[in-house]
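K.L.:
Supplied in structure tokens, the structure appears directly below.
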Amino acid sequence: MSWFRRKKRATFDRGAQKYDTTHLEEFHATRNGVEAYVEPRTTVTETTVMLIAHDGEWTRRRVDGVAGAFRLGDRLGIPVYEVAKVGYPKRMRDYNARRKLAERRKVVD
């Protein structure tokens, strides 16, 4: 009887699917200056990658680990950064602030 068996670390989220990769490829194809930012796996979410365009517009989808994110970057010909090392770019934060302001104005009107 093993009471102290080690359990495999599990997340409560699904893994990457083909439509995740398709979405990222379409985002890249329709935006300029796209870069990839890898977000590490957590206890709730698998590894994700954010593609961020030159104007700060972004999208996030699951990938098959950090290596999968770097393979995607190689295939798309874009730079890949690890968020834990470099953080998020200012243009993304500015884009989010502009969207939030626009939403507030829309609610007031």
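The values are calculated or read from the model by the stated rules, or taken from the named source; none is laboratory data. In this text, all values refer to a predicted model and were calculated from it rather than measured experimentally. Don't worry about glycine lacking a Cβ; one is built from the backbone with ideal geometry, like all the others, and counts go over all protein chains shown.
K.L.:
If you take the residues of region 20-36 that are within 16 Å of the chain's Cα centre (by Cα) and aliphatic (A, V, I, L, M), which of them is nearest to THR59 (Cα to Cα)?
P.N.:
Looking at the filtered set, the residue picked out is LEU24.
K.L.:
Moving to a separate point now. Identify the residue in region 39-80 that is small (Gly, Ala, Ser) and surrounded by fewer than 15 Cβ atoms within 10 Å (Cβ to Cβ) and, among all such residues, is farthest from ALA97 (Cα to Cα).
P.N.:
So the residue we want is ALA67.
K.L.:
Limited to region 22-36, what total is found for residues that are in a helix (DSSP H, G or I) and either surrounded by fewer than 11 Cβ atoms within 10 Å (Cβ to Cβ) or touching a residue at least 60 places away in the same chain (Cβ under 8 Å) (or both)?
P.N.:
So the answer is 1.
K.L.:
Among the residues of region 45-67, which ones are part of a helix (DSSP H, G or I) and touching a helix residue (DSSP H, G or I) at 6+ places or on another chain (Cβ under 9 Å)?
P.N.:
Scanning region 45-67 gives no hits.
K.L.:
Of all residues in region 54-85, which are aliphatic (A, V, I, L, M) and free of Cβ contacts under 8 Å to residues at least 24 places away in the same chain?
P.N.:
ALA67
K.L.:
Going by what's in this entry, would ALA16 be described as at pLDDT below 85, under 15 Å from the mean Cα position of the chain (by Cα), of a type outside the set (S, T, N, Q) and surrounded by 10 or more Cβ atoms within 10 Å (Cβ to Cβ)?
P.N.:
yes
K.L.:
Another question about this same structure. Somewhere in region 77-86, is a residue in contact with a helix residue (DSSP H, G or I) (Cβ under 8 Å, 6 or more places away or on another chain), within 17 Å of THR21 (Cβ to Cβ) and not β-branched (Val, Ile, Thr)?
P.N.:
no
K.L.:
Out of the residues in region 85-100 meeting the condition of being of a type in the set (A, V, I, L, M) and surrounded by 11 or more Cβ atoms within 10 Å (Cβ to Cβ), tell me which one is nearest to THR47 (Cα to Cα).
P.N.:
The selected residue is MET92.
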